[in-house]
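Everything on this sheet refers to the single structure shown next.
The values are calculated or read from the model by the stated rules, or taken from the named source; none is laboratory data. Bear in mind that the values here come from a model prediction, so they are computed numbers and not experimental data. Every residue, glycine as well, gets a Cβ built from its backbone with ideal geometry; the counts of neighbours run over all protein chains shown.
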Amino acid sequence: MEYFVYHFQVFMLIMMRLNAMMVVAPFYSSAMIPFRIKALISFLVTLVIFPMVAARGFKIPPDMGGYTLLVINEVSIGLIIGFIVSVIFAAFQLSGQYFAVQIGFGINEVLDPLGQVSIPLVGQLKNLIGLLVFIAINGHHFLIEAIYRSYELAPVMSLKRSMLGGIVKYVMYSFSGMFVVALKIALPVVATIFLISVSMGVLAKVAPQMNIMMLGFPFKIMVAFGVLLIITPLIVKIMQVSLERVFVFITRVLLHWPI
């Protein structure tokens with residue numbers, strides 16, 4: 001008990017990093033999980049990893065200003081870990097938005113329970129598939145493991161100008177990867193719809209008496225969902241590979257974290 005009392009500040013710092021990750025990370029940030037459950041998970045996980053982190057001799061500054069910088073350090077690392085994973089889920093939603101407008105589903109929006117924003121129905125479908133893949137590959141376990149490993153790879157942080165440049169570089173990599181992943185998922189459907197639009201345009205010139213507008217939308221929806229059904233295994237594979245690469249990317253970010 002005395003050990004816990006003397007290292008209570010370390011315990012709070014670990015909980016700060018874990019709570020910051022849960023605020024923005026997929027699955028944990030969902031409004032479907034009650035706040036009390038999140039707090040209980042955070043407390044129990046912190047209780048498990050606390051002895052191992054405290055045994056490494058985590059130095060606590062004697063003044064309030066130094067401790068405040070440590071709190072900022074913990075929160076920033078937790079936010080970076082959760083944010084990078086949330087960016088890849090934004091790619092899943094973006095892939096649905098690429099072709100939702102073209103098939104007439106752009107106006108049909110639903111509330112995303114993870115991000116608390118309105119997104120097209122197709123984007124929500126991709127997001128839910130991505131969440132199932134995330135849970136299937138134990139991504140929610142990896143996030144907790146990443147918090148523990150972060151104390152090996154990024155134990156402290158100094159406020160230097162190079163730190164901001166490094167963080168901005170990795171954030172830019174995350175956003176560029178988001179568009180690449182979204183394009184990979186949506187490319188088969190987008191290409192198919194583009195070919196259908198070109199064919200409809202040629203047909204409108206050949207047979208002007210036909211109402212291409214009335215025939216085009218139902219045909220596009222039918223073909224788009226048919227292609228989507230056929231390539232679903234490919235989409236799941238792309239999501240799995242993307243999430244696994246994100247996990248490796250998080251480790252790389254922590255390895256190069258400015259110390």
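Couple of notes before you dig in:
- Residue within segment 102-119 that is modelled with pLDDT of 75 or more, out of contact with any Phe, Trp or Tyr (no Cβ under 6 Å at 6 or more places or on another chain) and of a type in the set (Ser, Thr, Tyr) present: no
- Selected residue (criterion: modelled with the lowest pLDDT) from residues of segment 158-215 that are assigned to a loop (DSSP other than H, G, I, E, B) and hydrophobic (A, V, I, L, M, F, W, C): LEU159
- ILE196 being farther than 30 Å from ARG149 by Cα, surrounded by 16 or more Cβ atoms within 10 Å (Cβ to Cβ), β-branched (Val, Ile, Thr) and touching a residue at least 24 places away in the same chain (Cβ under 8 Å): yes
- From the list ALA31, ALA20, the one residue that fits, being modelled with pLDDT of 85 or more and not β-branched (Val, Ile, Thr), is ALA20.
- Only residues that are surrounded by 15 or more Cβ atoms within 10 Å (Cβ to Cβ) and either of a type in the set (Phe, Trp, Tyr) or in contact (Cβ under 8 Å) with a residue 60 or more places away in the chain (or both) were counted in segment 229-250, giving 10.
- Selection count where residues are in a helix (DSSP H, G or I) and under 15 Å from ILE88 (Cα atoms), scope segment 22-44: 1
- Residue selected from segment 57-96 under the condition more than 21 Å from ASN19 (Cβ to Cβ) and of a type in the set (D, E, K, R), by the criterion modelled with the lowest pLDDT: LYS59
- Residue that is farthest from ILE196 (Cα to Cα), among those in segment 218-259 that are in contact with a Gly (Cβ under 7 Å, 6 or more places away or on another chain) and not in a helix (DSSP H, G or I): PRO258
- Subset of segment 62-109 [small (Gly, Ala, Ser) and either surrounded by 23 or more Cβ atoms within 10 Å (Cβ to Cβ) or in a helix (DSSP H, G or I) (or both)]: GLY65, GLY66, SER76, GLY78, GLY82, SER86, ALA90, ALA91, SER95, GLY96, ALA100
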